[in-house]
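Below is one structure, written out as structure tokens; the observations come after it.
The values are calculated or read from the model by the stated rules, or taken from the named source; none is laboratory data. Everything numeric in this text was worked out from a predicted model, so none of it was measured. Note: ideal-geometry Cβ built from the backbone for every residue, glycine included; neighbour counts use all protein chains shown. Just the protein is used for accessible areas: all its heavy atoms, side chains included, with ligands, DNA and RNA removed. Shrake-Rupley method; radii C 1.70, N 1.55, O 1.52, S 1.80 Å.
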Amino acid sequence: MKTGSRPMLAGCTLSLALLGAAAIRPIRAESSVSAHSVVDDWPEPSRVQARAMIDKYGNPNRRDESSLSWFGLFGGKRTVIYRAQPGQLDIEQAVLYHVPAEKVSALTRFDPRITVKRRESEMSVRTDSVTTNLLTLNLAHEIASGFKSVAAALAFRDKQTRLAAAGKSSRYRDGLLFEQARKAFPAHSSCPAA
């Protein structure tokens, strides 16, 4: 290791400490029973979604009686499944994203389920599925970046929804198609690759 890289590693350690490194450590395997048991008395749609996420992505990084949270899935900041009653929206995905002030109202017109926290540089959406969230976040990025108008994004979303119902896949529904902001993680960008 080069001597000059020590400050960079110290910055990474500081970043992890600021992010709450304990919160992003994987939960030990023996607590998987607890992760599943947390959702045993949840309403069926939320319980099914939560168990599918645990089975596919492992134990959540954080859990309590009303939510399970994973950090870094799908290239985003966090994915949360909430204990929700049938018909309520139970999956939230958040990304670090700088939404220009003049674009916030356009995002609200596009989809009122989008939440923008400009102070935290965060954009999130809460719907009933991960794929719908990813599609919505990708289109929100295109609106915020000026690539699509609200009308064009709505038409594109409708087309993507019809294609998904017909069993077709789409990169818009598979993951984020943009880079997250890095401002919320000041030393993150200087961390050496693992």
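Points to keep in mind about this one:
- Test: residue in the stretch 98-112 that is among the polar types (S, T, N, Q) and either touching a strand residue (DSSP E or B) at 6+ places or on another chain (Cβ under 6 Å) or more than 24 Å from residue 180 (Cβ to Cβ) (or both): no
- Residue match in the stretch 111-118 (condition: open to solvent by less than 20 Å² (accessible area, probe 1.4 Å) and part of a loop (DSSP other than H, G, I, E, B)): yes
- Where residue 128 falls short, out of the listed (1) open to solvent by less than 10 Å² (accessible area, probe 1.4 Å); (2) closer than 16 Å to residue 49 by Cα; (3) out of contact with any Pro (no Cβ under 6 Å at 6 or more places or on another chain): (1)
- Any hit, the stretch 31-39, residues being surrounded by 13 or more Cβ atoms within 10 Å (Cβ to Cβ), assigned to a loop (DSSP other than H, G, I, E, B), of a type outside the set (D, E, K, R) and modelled with pLDDT of 90 or more: yes
- Search result, residues across the stretch 83-103 that are within 18 Å of residue 139 (Cβ to Cβ) and either assigned to a loop (DSSP other than H, G, I, E, B) or open to solvent by 40 Å² or more (accessible area, probe 1.4 Å) (or both): 89, 97, 98, 99, 100, 102, 103
- When restricted to residues that are part of a strand (DSSP E or B) and open to solvent by 20 Å² or more (accessible area, probe 1.4 Å), the stretch 73-82 contains 2.
- In the stretch 128-140, the residues that are at negative phi and among the β-branched types (Val, Ile, Thr) reach residues that are part of a helix (DSSP H, G or I) and open to solvent by 10 Å² or more (accessible area, probe 1.4 Å) with C-beta atoms within less than 6 angstrom, at least six apart or across chains, in these pairs: 131/173.
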